[in-house]
1. If a residue has to be of a type outside the set (S, T, N, Q), open to solvent by 60 Å² or more (accessible area, probe 1.4 Å) and part of a strand (DSSP E or B) to count, how many in segment 1-59 make the cut?
2. Of everything in segment 15-33, what is over 12 Å from the mean Cα position of the chain (by Cα) and without any contact (Cβ under 8 Å) to a residue 12 or more places away in the chain? Give them in sequence order.
3. What do you reckon, is Val45 of a type outside the set (D, E, K, R) and out of contact with any strand residue (DSSP E or B) (no Cβ under 7 Å at 6 or more places or on another chain)?
Amino acid sequence: MNKSELIEHIARQADISKAAATRALEAMIGGVKTTLKKGGSVSIVGFGTFAVTKRAARTGRNPRTGDAIKIKSAKVPKFRPGKGLRDHLN
């Protein structure tokens, strides 16, 4: 499912226009991004938790030349599914 298909699904399920569904989805994504940028986490009970973790600096290999390269540390988003989502899938 891509973003436009998700918007259509939201519009159908909530009985709202596609424009309203687009605004709602964008607002939700924006809220998650803003919270993660500030270092917080977003928990949706029954679905899961979005959080930010720090990946340490490390040495990697250039696949073309085989030379060792330094890879900087980075903040990476993580998603941990909640019990409700795991139960639904199994």
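The values are calculated or read from the model by the stated rules, or taken from the named source; none is laboratory data. Small disclaimer: the values here were computed from a predicted structure and weren't measured. Cβ sites come from the backbone with ideal geometry, for glycine too, and all protein chains shown count toward neighbours. Side chains are part of the model used for accessible areas, which takes the heavy atoms of the whole protein and leaves out ligands, DNA and RNA. Shrake-Rupley method; radii C 1.70, N 1.55, O 1.52, S 1.80 Å.
1. 4
2. Once the filter is applied, which keeps residues that are over 12 Å from the mean Cα position of the chain (by Cα) and without any contact (Cβ under 8 Å) to a residue 12 or more places away in the chain, segment 15-33 yields Asp15, Ile16, Ser17, Lys18, Ala19, Ala20, Arg23, Glu26, Ala27.
3. Here the answer is yes, as Val45 does meet what is asked.
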